[in-house]
Structure formats: structure tokens, C-alpha cells
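Below you'll find the structure, written out as C-alpha cells, and then a few comments.
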């Protein structure tokens, strides 16, 4: 099993911030500090208090609601623990909101992961793994086995293929053939295991890479669209705006301002 830190940040969360509908292919952890806010998951609204921890499994649609304290900050992070092509978190059930005691244990680990991600080298890669498994140990106290996850190993080869060739043309039929399933059965198993339809999952991965390129390079939007496997800059911009609720240019400008 390997840990992958996908990114994170500690930032102000005022009631004026946009609160889009979110859905990630990775685990989403978020902790409010100095205030509280509501989260809507599957049409149910939960209150997350100061220091408590929100944990959202991959593929779950959710929306963070207006903060009750305009001066609060929040720390969020995206990550995955991969084994045989699947995130092990999807094999377990967790309460969506974990207690303050857990949040206060997780908070310094996330801060260290965010700081460590700014570094390069073998030692920092090893440190990322160490912190990731320390975090998993803390979370494991709240986990219970999910008996509905028995199909997940069937899609391991497809997930591995997507991870390697995310910026190339990938057809659902090709992925299905890798798993020995019919295309329709593969679609059902994949969506059950990840929360995403296969092509939706690929698009989410491509858009995350595009976000990284927009923030860290000066490449044109057209070049980034092509590098991330989109057939045209128009289609890329439409997908980006639909998923991120902001245009690629505006996203890049916002990253520069930070």
C-alpha cells in the first residue's frame, strides 16, 4: 500500500467565499478552526464545529455551506491510500464528522504534510509516507468494514492504467477488457467502487493535473488542454468551468494572487 498526498491548504473561510458542489476522486479531509460551518451530503446537512473533522470518501458529492463565523479559517487536504489500484478508504465506513479529539490529532499531521509537499527529494518522499500512515492509524479507530466493497479488486488494473495514461485517449471498452467484465458491468462496478463513472473519473484526474499546471507553469491554456488529454481548448474550458465553477484563466489569476 502507498500513500499519495494530492494537495491541501489552510486558508480563511468567510461567508462570502463561494461554496461549490464538490466531488473528488480522493479522500477529502477538512477541519474548521475558530468557527464552524455546515456540510450537505446526500441531501442531509451536518454541522461541523470548531476543531471537528470532516472526512468525505472518494466520489461522494458534497457542498460546504456558509460559515457561521466570518473570521474562521479552514484546513483542507486531498489524499489517497492505494492498494492494488483502489483506495483502501473505500473499503470502510466512517462517520462523516469525527470528534474534536480526532481533529486536533489530525490537524498537525496535515500541516506537516502541506509543508512537506513544498520540498523535493527522497527524504521528503519517505516523510510523506510516514505522515500518511500515521494519519491512517488515527483514522482507523473510527473505521468499520464495508461489506459492499468486494467488487473493488476487479477494477485495480483499470485504475492503474488510468493513473499511467490519464492524458491519452482511454476508452471504456478497453478498461472493461482489462478487468474481464462487459462494458456495462464494468461501468457499474467502477462507479460503485469510486463514486464516478469511468469517463467522469478520467476527467476529474485530468482537471486536477490541469489545475497544477495552471498554478505552477506559464504554459498557455491551449498547451495545458492538449497536455492533459483534452481534444480542444474549448472543450477543456467548458469542462473546467463546469467542474470548478471558474474559468481556467480566472483560476490561474487567483493562484497568482495567493
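The numbers here are math on the coordinates, done by the rules we state, and not lab data. Bear in mind that the values here come from a model prediction, so they are computed numbers and not experimental data. Methodologically, a virtual Cβ is constructed for each residue, glycine included, from the backbone with ideal geometry; neighbour enumeration extends over all protein chains shown.
Working from the alpha-carbon coordinates of the range 2-148, get Rg over Rh, Rh being the Kirkwood radius.
Numbers: Rg = 14.9 Å, Rh = 15.6 Å.
Reported Rg/Rh (Cα atoms, Kirkwood Rh): 0.95.
Show me the ranking of peptides 158-168, 30-40 by mean Cβ neighbours inside 10 Å, starting with the highest.
Packing order, densest peptide first, comes out as 30-40, 158-168.
I'm spelling it out carefully: the read-out is Rg and Dmax of the Cα atoms in Å, the candidates are [x] 24.5, 75; [y] 20.1, 68; [z] 18.4, 53, and one was derived from this structure. Which label?
Recomputing Rg and Dmax of the Cα atoms in Å here gives the entry labelled [z].
I need the fraction of alpha carbon pairs in the range 95-136 separated by more than 17 Å, rounded to a whole percent.
On the way: 295 of 861 pairs.
Roughly 34 percent, rounded to a whole number.
Quote the relative contact order of the range 150-213 in percent (integer), defining contacts as alpha-carbon pairs under 8 Å separated by 6+ residues.
Relative contact order of the range 150-213: 32 percent.
With the contact rule set at Cα under 8 Å and sequence spacing of 6 or more, what percent relative contact order holds for the chain?
Reported as a whole number, the value is 18 percent.
Please work out the Kirkwood hydrodynamic radius for the range 150-257, using every pair of different C-alpha atoms, and report it in angstroms with one decimal place.
Details: mean 1/r = 0.0680 Å⁻¹.
It works out to 14.7 Å.
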